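The values are calculated or read from the model by the stated rules, or taken from the named source; none is laboratory data. This is a predicted model, so every value here is computed, not measured. All Cβ positions, glycine included, derive from the backbone under ideal geometry; neighbour counts span all protein chains shown. Accessible surface is based on the protein model in full, side chains and every heavy atom, while ligands, DNA and RNA are left aside. Shrake-Rupley method; radii C 1.70, N 1.55, O 1.52, S 1.80 Å.
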Amino acid sequence: MSHNTHELDRTDILILKTLQQEGRIPNTKLAKAVALSPTAVLARVQRLTEANYIQGYHARLNPKKLNAGFLVFVTVLLDKTTPNVFEHFKAAVQAHQEVLECHMVAGGFDYFLKTRHKNMNGYRDFVGRVLWEIPGVRETRTFAGMEEIKETSMLSLANALD
């Protein structure tokens, strides 16, 4: 079966959905779940990985058990008159594991960060040691998470065949 990197069929979607829910599923069990031979399903998973539909497999760790239970969202406004300000900022956030996500956004600020820390003191240390030391950072706003209602990296695949 030949597929270019943009063609998916219902079996591919079922494989992706199953792997997204259970990344450690044995190949034989995955094959049974999607009604293919183990060889055929392995070939499809390899193709989906090579085509970058599957970007990796990770253990989901409990931040509260690992002294990273304090969730903080931060908006960052940069001084656009500073040369290379965006490149400096991107490099700085890449270098710090406290930053879980960083998104350039449209609106009243430039970046939206998701960060995790031990507690408020840990966050305050991070801000002083990292964020306010990045050249071109003009303003930050902090939003401490009070309760996590939903956190997932699982994608809806409802429109994947459109």
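Table for the structure above
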read-out	value
Sulfur and carbon atoms: percent of accessible area, segment 1-127 [1.4 Å]	54 percent
Cleavage-rule hits, chymotrypsin sites (Phe, Trp or Tyr not before Pro), segment 56-162, DSSP coil, Cβ neighbours within 10 Å at most 14	Y57
Expected-Rg normalisation [2.2 N^0.38 Å, Cα atoms] applied to the chain	1.35
Members of K29/K90; K17/K64; K17/K80; K80/K150; K29/K118; K118/K150 lying beyond 30 Å, as alpha-carbon distances in this model show	K29/K90; K17/K80; K80/K150; K29/K118
Dipole of segment 22-162, positive direction: furthest Cα of F143, C102, L36, with charges on the beta-carbon	L36
Sparse-neighbour loop sites [trypsin sites (Lys or Arg not before Pro); segment 17-51; at most 12 other C-beta within 10 Å; DSSP]	R24
FRET efficiency, 1/(1 + (r/R0)^6) with R0 22 Å, evaluated for L155 and K118 via beta carbons	0.15
Probe 1.4 Å, accessible area per residue of segment 48-162, Å²	71 Å²
Two-decimal ratio, segment 24-66, of alpha-carbon radius of gyration to 2.2 N^0.38 Å	1.49
Length released on extending from L77 to T18, taking residue separation times 0.36 nm less the Cα-Cα span	17.3 nm
Size descriptor, Kirkwood hydrodynamic radius, that averages inverse alpha-carbon separations across segment 66-162, Å	14.7 Å
